[in-house]
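What follows draws every value from the coordinates through simple rules; no lab data is involved. These numbers were taken from a predicted model, which means no experiment stands behind them. With ideal geometry, Cβ positions are generated from the backbone for all residues, glycine too; neighbour counts draw on all protein chains shown.
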């Protein structure tokens with residue numbers, strides 16, 4: 001039997017699924033704080049291929065809408081989750097009336113939008129008075145803790161992410177962004193420690209992606225050397241921790 005080659009969207013969906021599994025305990029905690037179950041209209045901003053959006057829909061009796069700038073993500077999500085409304089939209093210019101939702105959520109979004117302050121203002125605008133804006137997870141790679149350290153690998157990875165448009169230190173800015181948008185805000189941070197077999201499994205699952213990222217900023221041979229050194233550290237029992245910031249914004253009534 002010929003094995004079917006997975007499409008790039010299937011690979012992307014798998015990446016988003018793994019990412020969502022990493023942050024699942026924190027999201028469930030935040031959903032309770034935000035009162036997800038009793039919300040009537042929820043917007044998932046930057047929904048990607050819909051994995052977290054489908055989770056949200058399964059936890060509330062209200063309507064759920066997912067938006068993303070990538071048309072191919074929206075089409076894929078709509079095909080996989082036909083009971084959810086998915087709309088192609090820019091999170092910096094949302095196509096909704098003021099106060100259209102009582103909860104707006106996002107997950108690994110703000111580090112990728114060109115103007116995160118504008119996106120937060122827009123998400124706050126479409127909240128009804130008394131509504132909540134929930135940023136579930138925004139990493140801050142500037143707060144990374146690892147042992148043993150490997151500065152070449154981390155610097156190259158950060159450089160590659162920055163070239164793609166990511167703000168690798170967005171997490172620490174969440175509170176300021178929310179307050180500047182006129183929201184009351186509670187900010188927190190979660191830190192998952194990856195080491196031993198857990199880190200090795202995660203590293204091996206992303207090794208091909210790491211190689212592509214490194215080759216975007218280093219010569220091919222140099223990227224191979226740096227990746228090999230990091231792999232050796234991981235196999236020897238390396239420890240890694242990246243802080244994930246969250247924020248719960250409250251719109252005044």
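Just check the range 44-95 against the gyration tensor rule for me: Cα atoms, a ≥ b ≥ c as the square roots of the eigenvalues, rounded for a/c under 1.5, and otherwise prolate or oblate depending on whether a/b exceeds b/c. Mind dumping the intermediate values first?
Working: a/c = 2.05, a/b = 1.35, b/c = 1.52.
Since a/c reaches 1.5 but b/c is at least a/b, the shape of the range 44-95 is classed as oblate.
Could you tell me how many cubic angstrom of Cα convex hull volume the range 18-82 has per residue?
That works out to 80 Å³ per residue.
If Rh is defined by the Kirkwood formula over all Cα pairs and Rg also comes from Cα, what ratio Rg/Rh do you get for the chain?
Working: Rg = 18.8 Å, Rh = 19.1 Å.
So for the chain, dividing Rg by the Kirkwood Rh gives 0.98.
When the convex hull of the Cα atoms of the range 121-253 is projected onto a plane and the area is averaged over all directions, what value comes out in nm²?
Convex hull of Cα atoms, orientation-averaged projection: 8.6 nm².
Return, ordered by residue number, the residues of the range 105-124 whose backbone nitrogen is under 18 Å from a label point located 7 Å along Cα→Cβ of residue 70.
The answer is 106-115.
What FRET efficiency would be calculated for the residue pair residue 204, residue 252, taking the C-beta separation as r and a Förster radius of 35 Å, to the nearest 0.05? Spell out each step's value before the answer.
On the way: r = 48 Å, r/R0 = 1.37.
Efficiency at R0 = 35 Å is approximately 0.15.
Translational diffusion coefficient, Stokes-Einstein: compute it for the range 169-238 using the Kirkwood radius over C-alpha pairs as Rh, at 37 °C and 0.692 mPa s, and state it as an integer in µm² s⁻¹. Don't skip to the answer; put the middle values down first.
On the way: Rh = 14.8 Å.
Estimated via Stokes-Einstein, D reaches 221 µm²/s.
Relative contact order of the chain, please, whole-number percent, based on alpha carbon pairs below 8 angstrom and at least 6 residues apart. Walk me through the numbers on the way to the answer.
Working: 451 pairs, mean separation 48.9, N = 253.
This gives 19 percent for the chain.
As a test, work out the antiparallel percent of DSSP beta bridges whose residues both lie in the range 8-250, rounded to the nearest 5.
In the range 8-250, DSSP labels about 55 percent of beta bridges as antiparallel.
What is the projected area of the convex hull of the Cα atoms of the range 17-146, averaged over all directions, in nm²?
Details: hull surface 32.5 nm².
Taking the Cα atoms of the range 17-146, their convex hull projects to 8.1 nm² on average.
What are the extents of the Cα atoms of the range 137-209 along their three principal axes, in Å, largest first?
Largest first, the range 137-209 extends 42, 27, 21 Å along its Cα principal axes.
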